[in-house]
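A.B. asks: Please see the structure below; I have some questions.
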Amino acid sequence: MKHILVAGGAGYIGSACTEYLLNNGYAVTVYDSLVTGHLDAIDPRAKFIPGDLADREKIIKVAKEGNFYGIMHFAAASLVGESMVDPSKYFRNNIANGINLADAAVAGNIKNFVFSSTAATFGQPEKCPISENDPQKPINPYGESKLCFEKILNWYSQIHGIKYAALRYFNAAGATENFGEAHNPETHLIPIILQVAAGEREKLMVYGNDYNTPDGSCVRDYIHILDLAQAHMLALDAPESGHYNLGTGKGLSVFEIIKAAEKVSGKKINFEIAPRRPGDPDTLIACSDRIKKLLGWKPQFENAEAIIESAWKWKLNHKNGYLR
Ligand code: UFG
């Protein structure tokens with residue numbers, strides 16, 4: 001049985017990937033500081049080691065002792081807006097602490113490394129959909145930190161023979177039956193809209209209606225976390241190192257997401273137009289042909305309503321998120 005070390009397995013995407021790996025016959029050890037993750041988001045079938053990637057000695061010891069086939073790295077700070085206020089947090093967590101994990105891979109002779117990268121590495125794209133070889137010019141410290149770690153992995157691949165996959169997610173969304181999105185405070189569009197639908201929040205603030213998009217609000221490519229999970233599993237066994245964009249290839253504006261959520265929930269979503277949020281590009285849409293062609297990725301969720309429906313179902317069954 002292949003054993004995978006999942007750094008950040010108590011977070012939103014890490015928890016769904018852990019569940020997916022376990023469902024597909026892998027053994028999983030989750031390493032997580034629980035700073036933003038939740039104990040209840042860790043699949044009970046996984047082994048859990050509490051720890052921070054800042055603790056270099058600890059993560060190296062864990063990597064050396066586990067006989068791991070691969071590492072999946074989800075443990076990072078991931079908010080575009082916050083990175084524009086506190087860049088230091090992003091460079092420390094996502095680069096300095098990431099290096100500790102890469103060094104742990106070297107120390108433990110773990111050859112397969114799957115990294116959560118992001119569409120934010122592209123900045124304001126020159127064209128959409130975005131392909132892997134399009135210019136990467138981040139417009140926020142979050143995207144810069146992830147791009148820097150992609151480059152670090154490239155050097156580790158050349159020098160230490162670690163095979164890596166940088167998976168550039170567009171906007172992760174949706175839920176599995178057991179695991180969903182619950183940040184505190186919540187800043188992401190879909191969970192905030194669903195809080196409004198559930199009567200937990202009075203209204204959504206729409207950050208800008210004067211973007212260069214058909215209806216003026218930002219356009220994003222929302223991709224289901226189960227489709228991300230499938231991509232991670234495939235990437236573990238990729239024949240060589242590579243970068244892959246992960247999205248549906250369809251862009252939806254903030255207003256279109258509001259409409260879809262109204263349809264799914266049957267509730268009216270109140271909103272108000274607010275100023276733009278610093279660091280937000282107009283439009284991000286993925287071209288994911290490379291991972292389909294090279295690794296046989298077959299996404300199951302093609303439309304936003306199905307994605308939102310899964311998140312809504314999870315929300316109705318988990319009234320307080322992961323709070324007991
Ligand atoms: N938005 C609002 N109001 C809100 C929250 C969000 O209008 O209350 C808008 C944002 O301005 C943006 C869109 O909804 O245009 C999506 O925002 P999210 O905060 O949900 O997600 P981001 O696009 O900022 O970022 C997410 C992840 C990043 C990842 C990026 C890739 O958080 O880690 O997708 O596109 F890099």
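The values are calculated or read from the model by the stated rules, or taken from the named source; none is laboratory data. Predicted model only: the values in this text are computed from it and were never measured. Here the Cβ positions follow ideal geometry from the backbone for every residue, glycine too, while neighbour counts run over all protein chains shown.
A.B. asks: Given the condition surrounded by 23 or more Cβ atoms within 10 Å (Cβ to Cβ) and in contact with a strand residue (DSSP E or B) (Cβ under 8 Å, 6 or more places away or on another chain), answer yes or no: does some residue in region 189-212 qualify?
C.D. replies: Within region 189-212, one or more residues are surrounded by 23 or more Cβ atoms within 10 Å (Cβ to Cβ) and in contact with a strand residue (DSSP E or B) (Cβ under 8 Å, 6 or more places away or on another chain).
A.B. asks: In region 203-217, how many are part of a loop (DSSP other than H, G, I, E, B) and within 16 Å of residue 261 (Cβ to Cβ)?
C.D. replies: 3
A.B. asks: Could we say that residue 100 is under 19 Å from residue 59 (Cβ atoms), at pLDDT 95 or above, crowded, with 17+ Cβ neighbours inside 10 Å and not hydrophobic (A, V, I, L, M, F, W, C) here?
C.D. replies: When the stated conditions are applied, residue 100 passes them.
A.B. asks: Would you be able to say whether some residue in region 200-215 is free of Cβ contacts under 8 Å to residues at least 12 places away in the same chain, over 21 Å from the mean Cα position of the chain (by Cα) and not assigned by TED's automatic domain parsing to the domain that holds residue 8?
C.D. replies: yes
A.B. asks: Among the listed residues 210, 134, identify the single one that is within 15 Å of the ligand (Cβ to nearest atom) and over 25 Å from residue 73 (Cβ atoms).
C.D. replies: Exactly one residue qualifies, and that residue is 210.
A.B. asks: Could you look through region 83-130, keep only residues that are assigned to a strand (DSSP E or B) and more than 15 Å from the ligand (Cβ to nearest atom), and pick out the one that is farthest from residue 152 (Cα to Cα)?
C.D. replies: Top of the filtered list is 112.
A.B. asks: Would you be able to tell me the number of residues in region 144-174 that are of a type in the set (Ser, Thr, Tyr) and away from the ligand (no atom under 11 Å from the Cβ)?
C.D. replies: Final tally of qualifying residues: 3.
A.B. asks: Might you let me know whether region 121-128 holds any residue that is surrounded by 16 or more Cβ atoms within 10 Å (Cβ to Cβ) and more than 19 Å from the chain's Cα centre (by Cα)?
C.D. replies: yes
A.B. asks: Specify which of the listed residues (55, 32) is over 21 Å from the mean Cα position of the chain (by Cα) and either assigned by TED's automatic domain parsing to the domain that holds residue 75 or under 25 Å from residue 96 (Cα atoms) (or both).
C.D. replies: Just one listed residue meets the conditions, 55.
A.B. asks: Tell me, please, whether a residue that is away from the ligand (no atom under 11 Å from the Cβ), part of a helix (DSSP H, G or I) and outside the structural domain of residue 142 (by TED's automatic domain parsing) can be found in region 226-245.
C.D. replies: Checking region 226-245: not a single residue is away from the ligand (no atom under 11 Å from the Cβ), part of a helix (DSSP H, G or I) and outside the structural domain of residue 142 (by TED's automatic domain parsing).
A.B. asks: Based on what the data block shows, is residue 293 free of Cβ contacts under 8 Å to residues at least 12 places away in the same chain and in a helix (DSSP H, G or I)?
C.D. replies: Yes: the conditions hold for residue 293.
A.B. asks: Right, here's the next one. Out of (1) at pLDDT 95 or above; (2) surrounded by fewer than 24 Cβ atoms within 10 Å (Cβ to Cβ); (3) outside any strand (DSSP E or B), what's the single condition that is false for residue 172?
C.D. replies: So the condition that residue 172 fails would be (3).
A.B. asks: Within region 135-169, restricting attention to residues that are basic (Lys, Arg) and in a helix (DSSP H, G or I), which residue is surrounded by the fewest Cβ atoms within 10 Å (Cβ to Cβ)?
C.D. replies: Among residues in region 135-169 that are basic (Lys, Arg) and in a helix (DSSP H, G or I), the one surrounded by the fewest Cβ atoms within 10 Å (Cβ to Cβ) is 151.
A.B. asks: Go through (1) of a type in the set (D, E, K, R); (2) in contact with a Phe, Trp or Tyr (Cβ under 6 Å, 6 or more places away or on another chain); (3) under 21 Å from residue 314 (Cβ atoms) and name the single condition residue 220 misses.
C.D. replies: (2)
A.B. asks: Somewhere in region 297-305, is a residue among the aliphatic types (A, V, I, L, M), modelled with pLDDT of 95 or more, under 19 Å from the mean Cα position of the chain (by Cα) and outside any loop (DSSP other than H, G, I, E, B)?
C.D. replies: No, region 297-305 contains no residue that is among the aliphatic types (A, V, I, L, M), modelled with pLDDT of 95 or more, under 19 Å from the mean Cα position of the chain (by Cα) and outside any loop (DSSP other than H, G, I, E, B).
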